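Right, one structure below, let's go through it.
The values are calculated or read from the model by the stated rules, or taken from the named source; none is laboratory data. Model, not experiment: these values are computed from the prediction. Neighbour counts run over all protein chains shown; Cβ positions are idealised from the backbone, glycine included. Side chains are part of the model used for accessible areas, which takes the heavy atoms of the whole protein and leaves out ligands, DNA and RNA. Shrake-Rupley method; radii C 1.70, N 1.55, O 1.52, S 1.80 Å.
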Amino acid sequence: MIDRQSIRRSFDEMSAALARRGADVVAPNSPWGRAQALDIKQRELKAEAESLQAERNKVSKLIGQKKGAGEDASAELAAMGNASRQVKEIEAQAKEADAQFSAALLEIPNPLHESVPSGSSEDDNIEIRRWGTPRSDEVPAHWDIGTDLGILDFEAGATLAGSRFTVLKGAAARLERGLMQFMLDTHVDKHGYDEVWVPAIVNRKTMTGTGQLPKFEDDLYKLEGEDAFLIPTAEVPVTNLYQDQILDASSLPRRHCAYTPCFRREAGSAGRDMRGMIRQHQFDKVELVHITTAERALSELEELTAHAEAILQALELPYRMVELCSADIGFSAQKTYDLEVWLPSQQCYREISSCSSFGQFQGRRAGIRYREESDKPQPVATLNGSALAIGRTLVAILENGWQQDGSILIPTALQPYLGGMKSIQSNTLTL
RNA sequence: GGAGAGAUGUCUGAGUGGUUGAAGGAGCACGCCUGGAAAGCGUGUGUAUCUUAACGGGUACCGAGGGUUCGAAUCCCUCUCUCUCCGCCA
């Protein structure tokens, strides 16, 4: 959420930053347009209500004093009879205007950081660096590799749940579990993160705190009969761990990692990546979350991204890092780096991690603040990134580790997590 | 799911419908005292928002939302959460 006072105090800069990411800053019925009008209306009504309240409080106090002293207060009582009805009416109007104003604010995206490159589509994203040497020989798609080995079963997934669900068997199931352990251990032991384990179902307020709601309800699985949702990412519960809290500046930055399953309806991506495990309704992910100060947000973004990169490097997976341009950046983010892993079957890099700084956008929404000494509390800056999406990591390992004989080489760092397994041979399971 | 109890500030803990933003205590900050510390004494110590150059002032907030009333932390209704007991379960 943007700072509500910025509408008045830094209108031009705000408009420009919003326009750069493609938000409508002209139409009166756009969130930005509505926010401007409602800000004025809301403050006018509030001022009126407050002066009426002040008068009411004064007279009520007087009545109390008179009654306490045994004096007659019937004149004041009569006068206040009508006045109080008027107070209530204006109060109700002011409340309504404020609610509409707040609702409009929640639909305004995060103004981009000035360092974000402008662009008109994802093609304008900027490559920052590459790591590793991509193999250029012909490699089958992971769905063929996995099916041949008998460790990925797409038909079973479809039978059990529908499209975009997969059953992992034997070595693949173990690989999924091993990757999760490996990633968590690395972040906790080498990068100093505090591990948490959180609910995969959250309520509406929590979903609103990180920005998934109110705009993106269609992308979420909602529980029937309850105002609760399956999380699309651990970002939601982990960041909201601190909702409505005032943290001591000395306790920042806070860095958490968490494993959770993630659930996405993929409503807007019908037809894309229908084969294989790239785009699933349910997938596993290890997420990194930083809670810090506004000043430190960008340097923390570099660190957080480096922590995600460390996983790819340890797994010997070639990747590149791109900075998202203004057209491709998410609603809540201020600045985003994507990590894209090399998929030899597609001869291209595919997103495997997205690391973002949200500035104070989420801190404001979720009421997460910090205090420096005796200063006034101010919203924290938040960051998060995947490190990594486990399903896509598994895909990358299958394709990058594929050998001509159909077996898969396991990266050395991962072998201890697979009971010492060095390669996946054709499946020997009786599944 | 059934029955009961509860939710007040950083914490603890009062609160009779009327100068209560909220007693008392603890904690914290500053000052005095001290060789230094402890103890003691004194002062201060919520959030949001509007307004003001500033000092200051207004308003709202005692789990959330409604209602009664001139006036609600206090009375009524609904909801959420916590605790205890029962039932059911991993």
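Summary table
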| quantity | calculated |
| --- | --- |
| In the stretch A:30-47, the residues that are more than 16 Å from RNA strand B (Cβ to nearest atom) and either at pLDDT below 90 or surrounded by 17 or more Cβ atoms within 10 Å (Cβ to Cβ) (or both) | A:30, A:31, A:32, A:34 |
| Residue within the stretch A:75-94 that is within 30 Å of residue A:331 (Cα to Cα) and either among the charged types (D, E, K, R) or not assigned by TED's automatic domain parsing to the domain that holds residue A:213 (or both) present | yes |
| Subset of the stretch A:343-360 [in contact with a Leu (Cβ under 7 Å, 6 or more places away or on another chain) and open to solvent by 30 Å² or more (accessible area, probe 1.4 Å)] | A:350 |
| The one condition in (1) surrounded by 22 or more Cβ atoms within 10 Å (Cβ to Cβ); (2) under 26 Å from residue A:161 (Cβ atoms) that residue A:257 fails to fulfil | (2) |
| Scan of the stretch A:115-148 for residues that are of a type in the set (Ser, Thr, Tyr) and open to solvent by less than 70 Å² (accessible area, probe 1.4 Å), ordered by number | A:115, A:121 |
| Selected residue (only one of A:264, A:254, A:272 is touching a Pro at 6+ places or on another chain (Cβ under 7 Å), over 30 Å from residue A:412 (Cβ atoms) and of a type outside the set (A, V, I, L, M, F, W, C)) | A:264 |
| Filter result for residue A:316 (open to solvent by 10 Å² or more (accessible area, probe 1.4 Å), in a helix (DSSP H, G or I) and out of contact with any Phe, Trp or Tyr (no Cβ under 8 Å at 6 or more places or on another chain)) | no |
| Only listed residue being more than 8 Å from RNA strand B (Cβ to nearest atom) and surrounded by 13 or more Cβ atoms within 10 Å (Cβ to Cβ), chosen from A:98, A:72 | A:98 |
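Okay, residues lined up against (1) crowded, with 18+ Cβ neighbours inside 10 Å; (2) closer than 23 Å to residue A:421 by Cβ; (3) modelled with pLDDT under 95:
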{"residue": "A:163", "(1), (2), (3)": "no, no, yes"}
{"residue": "A:175", "(1), (2), (3)": "yes, yes, no"}
{"residue": "A:178", "(1), (2), (3)": "yes, yes, no"}
{"residue": "A:182", "(1), (2), (3)": "yes, yes, no"}
{"residue": "A:185", "(1), (2), (3)": "no, yes, no"}
{"residue": "A:189", "(1), (2), (3)": "no, yes, no"}
{"residue": "A:201", "(1), (2), (3)": "no, no, yes"}
{"residue": "A:208", "(1), (2), (3)": "yes, no, yes"}
